[in-house]
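Please read the structure below before turning to the comments.
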Amino acid sequence: PYEGEVQAVLLVGALGIERLDGFLALGFNGLWAPRKLLLTYGVTAAQVAESLSELDTVGDLRVRMSSTTHNGTVPVTNSEGNTTFEVAEGVIMRIEVEFLLTGRPANRGEQPLLQVDTSLVVGLASHVATRERSYRTLLNGTYVDEEQTISMADTVTGTLALEFSGEHTQVFDANAPAMAVRDALVALSSVGDVEVLKSAADGVRSFLVRFLHPTHVGPQPRLSVANATLTDSAAGGEQARRQLSGEELLAVDVGVEGVAPEGEGSAANIVEEDPVAAEANATVTAISFVAPVVVCGDGSIGTGEACDDGNGDGGDGCTPLCAVEEGWACKSSVTVGSGLGGTSSCTPVCGDGKRILAGDAEGCDDGNLADGDGCSAACTVELGYVCDGGSLNRADTCTTVCGDGILSATEVCDDGNRVPDDGCAAECSAVEDGYACSVPDGGMGSVCSPCHESCATCSSTAEDACTSCRSAYPFSSEGRCVETCTPLGRYANGLLCQPCESSCGTCVGGTASDCLSCAAASATPYRSGSECLASCADGTFAFASGEDWTCLACDATCEACAMEGSNGCTACSNSTHLSLAAGLSSQGACVESCPQGTFAPGGEGSVCEPCDVSCSACDGPTNSSCTSCRAGDVLSSDGECASDCEAGHYFLPQYGFGALEGEGTCELCAAECRTCVNASTVCTSCGDTGILHAHSCVDTCPAGTYVSAGGTCEACHASCGDSCAGDGATDCTSCSSDAPYLLLGSCLAACPEGMFDDEAQSCQTCSHSCGSCRGSATTCTSCPTSVNPYLSGSTCVAACPRGTYLNGETCAACGGACAACSGPGASQCTECYPTGAAPHLVVGECVCTQGYAVANGTC
């Protein structure tokens, strides 16, 4: 029963232009499509439809496109064949839009012409929008949609509300968009589907309201004005201060009355009607308003008053003309309906970016309701901030106050001043290196203190709160900065200390074969090379140095041993014998044959046991199987030693005339002699406490001799000093001045590398942390290259400590007041001590800088 309206937009290019370029904008019913159409590469009908469909004022539509060229005057006609105008020159692009009467809005009835913006089109000569076919209603059994028009002079400003069927709309602006008026109407329960078209022509602004079926059938109630606060600028903009004017330039025009088919409305058969012609013949009725007398300032909100706070003062939210002041919001004490009759209470609108200065109503207004940005959600200035610049035209700008001793959200620290080099930067934007800042309980500002001396930066002053390390303590271990990882039972992996393998006490790597020492309380306390073992292997023995146990190799003559040297054997190979006889120089040694006075009862490889006291030597099978006797005794054929005199006597031959050979007497030996010969004092053996030396029994052997297995004093090796345990070069127990240092029974001119001489002039092993040492195991004179390679004083370190710098392989002292430096000069500082008289680094020198003074030795 309907045919929708068809409109066309023609773009005519200049002569010789083959293609238009740039952007084309289209609009409808007061709104512009948000997306412009790019003409450069050609525009499709789908693109035009998609652009227009984004408008709230457009329902369903169909778009057709065409393009042609010409060389002169071009007549342009509408679909009914009537020539409307002529254009000349160039390319013609034609965009045809048909309103399909479906969707929301349905766009029924005559529509406003499409709006065209060609300001960004290149190559255009002219353009025009035309109505190609008007909206039609057909005969017999169709509906006619009623149209009412609200008109006013285009110089009228202010607000108004409409009344329809006893309901009032929300107030809207006199120059509101068509969609705003439609939204106000459809919010009423008595209004169904309507279209609102806005137009302005000949000094008149109009809103055409079309009531659409099926929600509106037949004639409709008349729209009227329910409330208006309007001013006509053409009349000088005057508005009564105490009451509304009596006559307003507002009118309602019923251009087309609604009609329904017979039986559904008040009309009978519908005849074809041209809405445009009907509008031309419509009667315009002026509406007069007889306003009640309203007194502004009486504390009772009346018609036409936006507020009434009971006074005629301004600056409190409600003006002397009872209008709400900018930046304020007013509420009526009457909460039902529109609030008429109530008294207004006005408060500044916090967060709208309009600061009310009068009476300090708002301390600030930064355009939001967020806390923590300087201006609170209640529009008060937050502690630690200052806000300025705010007015009705501009929001406040809030910034923190650095140096006020109040830590604000955007400050990293605030210690109550803007002085640098005290822990908190002058701009409060960072904690300075070497300091930690925190807010104490109950405090508001920052307290900054130096980090632990090992930390370059830190999270607190604790030793284990380092976040980076000073050069003197380069290695990081669980928040601590250390000179070396080794004492911690860790090793350096780059600059990070990693744990040693569990069997190691100290180490140079993370595996079980990287040990420097073994964990004393572990099941593997003995170090062999760089591994830790439960016990020392065959051919080695456990050597204790403090709490460390090291497996050292036995002497080459031993199969197994309990101590160093050739006298430390506990087992021998099958080809040698272990000599265990007390008092012998060979005690604990492996010998090819048992020493005199001992024998091997088990044959080859057995232990040497002492002969019977009657024998000088024996060879078994028993200890009394003598092979030689002591002086004065006689060896019998059965291997026994016998004497003509009893023990403790000697034979004194009879000399003189008539004495026979073999005659003599047995005389008593001297008391110290067990046996003697030829004379009482010529001892051949001694009692239990005596030692035979040069046929005399002495309590101790003289210097340069030792007690032999036979209980006699024998000479030491020529390399030994005044004492020894045997006649070998490795049996020395003291040394001469030519080779004064004793090591494993040998006398040396100097201790070997990695050892030092102690007070007894014995060579002892240096600590594993030293390459070489002097005086004690930990007094280093050089350092190992594998770990802790630099010598600082008498200690080997991985990095030179604070106050020193690396000079070759040695740490030398910095000059001046440097905490760290690159050389000896006072101007070669790289770091200063944070406390004391010179904490500030200025051009390589530690000084008390400008703005500070030294008092009691502190800057």
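The values are calculated or read from the model by the stated rules, or taken from the named source; none is laboratory data. None of these values were measured; they are calculated from a predicted model. For neighbour counting, all protein chains shown are included, and Cβ atoms are generated from backbone atoms with ideal geometry for every residue, glycine included. SASA here: full protein model, heavy atoms, side chains in, ligands and nucleic acids out. Shrake-Rupley method; radii C 1.70, N 1.55, O 1.52, S 1.80 Å.
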Computed log₁₀ I(q)/I(0) - Debye formula, equal Cα scatterers, no solvent, the range 481-576, q 0.14, 0.19, 0.25 Å⁻¹
-0.56, -0.82, -1.12
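Round to the nearest 0.05 the FRET efficiency obtained for ASN493 and ALA853 when R0 = 60 Å and r is the Cβ-Cβ distance. Could you put the intermediate results ahead of the total?
On the way: r = 46 Å, r/R0 = 0.77.
Result of the calculation: an efficiency of 0.80.
How large is the translational diffusion coefficient of the range 111-223 in µm² per second when you combine the Kirkwood radius over alpha carbon pairs with Stokes-Einstein at 4 °C and 1.567 mPa s? Show your work: numbers first, answer last.
Values: Rh = 16.4 Å.
My calculation gives 79 µm²/s for D.
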Principal axis box of the range 759-852, alpha-carbon based, largest edge first, Å
62, 25, 17
Quick check on the range 679-739: take the gyration tensor over C-alpha atoms, sort the square-rooted eigenvalues as a ≥ b ≥ c, and tell me if it's rounded (a/c under 1.5), prolate or oblate.
prolate
With no solvent and one equal point scatterer per Cα, compute the Debye intensity ratio I(q)/I(0) for the range 140-194 at 0.18, 0.21, 0.23, 0.32 Å⁻¹ and report its log10, rounded to two decimals.
-0.68, -0.87, -0.99, -1.43
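Given only helices, namely DSSP H runs of n ≥ 4 each adding -39500 (n - 2.57), what is the per-residue ellipticity at 222 nm of the chain, to the nearest 500 deg cm²/dmol? Could the numbers behind the result be given before it?
Working: 3 runs with 24 residues, N = 859.
After summing the helix terms and dividing by the residues of the chain, the value is -500 deg cm²/dmol.
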With a 1.4 Å probe and all protein chains in place, put TYR741, TYR385 in order of accessible area, largest first.
TYR741, TYR385
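LEU552 to SER575: extension gain in nm, 0.36 nm per residue of separation minus the Cα-Cα distance?
Taking 0.36 nm per residue and subtracting the Cα distance, the gain is 5.9 nm.
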Give me the accessible area per residue for the chain, probe 1.4 Å, as a whole number in Å².
50
Calc'd 3J(HN,Hα), the range 770-782, phi into Karplus 6.51 cos²θ - 1.76 cosθ + 1.60 (θ = phi - 60°), Hz, glycine/Pro = x, comes to 9, x, 9, 8, 8, x, 8, 5, 10, 8, 6, 10, 8
Among the lysines, select those whose C-alpha is under 17 Å from the C-alpha of LYS354, and discard any that sit fewer than 8 residues away in the same chain.
none
In terms of solvent-accessible area of protein heavy atoms at a 1.4 angstrom probe, what is the ranking of MET755, MET444, highest value first?
MET444, MET755
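So what's the net charge close to SER391: Lys and Arg +1, Asp and Glu -1, counting the other residues with Cβ under 11 Å from its Cβ?
Taking every Cβ under 11 Å from that of SER391, the sum is -2.
Note down, for the range 396-533, the three equivalent ellipsoid semi-axes (square root of 5 times each alpha carbon gyration tensor eigenvalue), biggest first, whole angstrom.
Numbers: eigenvalues 421, 30, 22 Å².
In descending order, the three semi-axes are 46, 12, 10 Å.
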Just how much of ASP464 is accessible, in Å², when a 1.4 Å probe is used and the result is rounded to the nearest 10?
90
Along the range 618-630, Karplus-curve 3J(HN,Hα) (6.51, -1.76, 1.60; θ = phi - 60°) to the nearest Hz, with x for Gly and Pro, reads 8, 9, x, x, 10, 6, 9, 7, 6, 10, 7, 10, 5
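Hey, with R₀ at 35 Å, roughly what FRET efficiency would SER535 and ALA718 work out to, going by the Cβ-Cβ distance, to 0.05? Please list the in-between numbers first.
On the way: r = 39 Å, r/R0 = 1.12.
It comes to 0.35.
Full-extension gain between THR781 and LEU100, please, as 0.36 nm times their residue separation minus the C-alpha to C-alpha distance. Before the final figure, lay out each step's value.
On the way: separation 681, 0.36 × 681 = 245.16 nm, distance 10.29 nm.
The span from THR781 to LEU100 would gain 234.9 nm if fully extended.
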Ranked order, TYR833, TYR805 - accessible area, probe 1.4 Å, largest first:
TYR833, TYR805
I'd like the accessible area for THR665: 1.4 Å probe, protein heavy atoms, all chains in place, Å² to the nearest 10.
60
Amide H to amide H under 5 Å from ARG394: which residues, 5+ apart in sequence or cross-chain, H placed 1.01 Å off N in plane?
ARG355
How much accessible area does ARG802 have with a 1.4 Å probe, in Å² rounded to the nearest 10?
40
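Compute the signed sum of charges (Lys and Arg +1, Asp and Glu -1) over the other residues within less than 10 Å, Cβ to Cβ, of CYS515.
Values: positive: ARG527; negative: GLU501, ASP514, GLU531.
For residues surrounding CYS515, the net value is -2.
Where Lys and Arg each count +1 and Asp and Glu each count -1, what net charge lies around ASP415 among other residues with Cβ under 11 Å from its Cβ? The partial results should precede the final answer.
Values: positive: ARG418; negative: ASP404, GLU411, ASP414, ASP422, GLU432.
With Lys, Arg at +1 and Asp, Glu at -1, the neighbours total -4.
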Fraction of alpha-carbon pairs in the chain farther than 44 Å apart, rounded to whole percent, equals 68
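Please compute the Kirkwood hydrodynamic radius over the range 300-362, one decimal place, Å, based on all pairs of different Cα atoms.
On the way: mean 1/r = 0.0851 Å⁻¹.
Evaluated over the range 300-362, this radius sits at 11.8 Å.
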Using distinct alpha-carbon pairs, which all enter the 1/r mean, Kirkwood radius of the range 714-823 in Å
15.8
Once amide hydrogens are built 1.01 Å from N within the peptide plane, the residues lying 5 or more places from TRP549 or on another chain with amide H under 5 Å from its amide H are CYS518, ARG527
Apply the Karplus parameterisation 6.51 cos²θ - 1.76 cosθ + 1.60, with θ equal to phi minus 60°, to every residue of the range 317-326 and state each ³J(HN,Hα) to the nearest whole Hz, in sequence, with x for glycine and proline.
x, 10, 6, x, 9, 6, 10, 6, 6, 4
Bin width 10 Å, alpha-carbon pairs only: give the P(r) of the range 448-501 as whole percents, running from 0 to the bin holding the largest distance.
32, 50, 16, 2
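As an exercise, use a Förster radius of 56 Å and the Cβ-Cβ distance of LYS331 and THR410 to find the FRET efficiency, rounded to the nearest 0.05.
On the way: r = 35 Å, r/R0 = 0.63.
For R0 = 56 Å, the calculated efficiency reads 0.95.
In the chain, what percent of the accessible surface is made up of carbon and sulfur (1.4 Å probe, ligands and nucleic acids excluded)?
Values: 21720 of 42770 Å².
Carbon plus sulfur share of accessible area: 51 percent.
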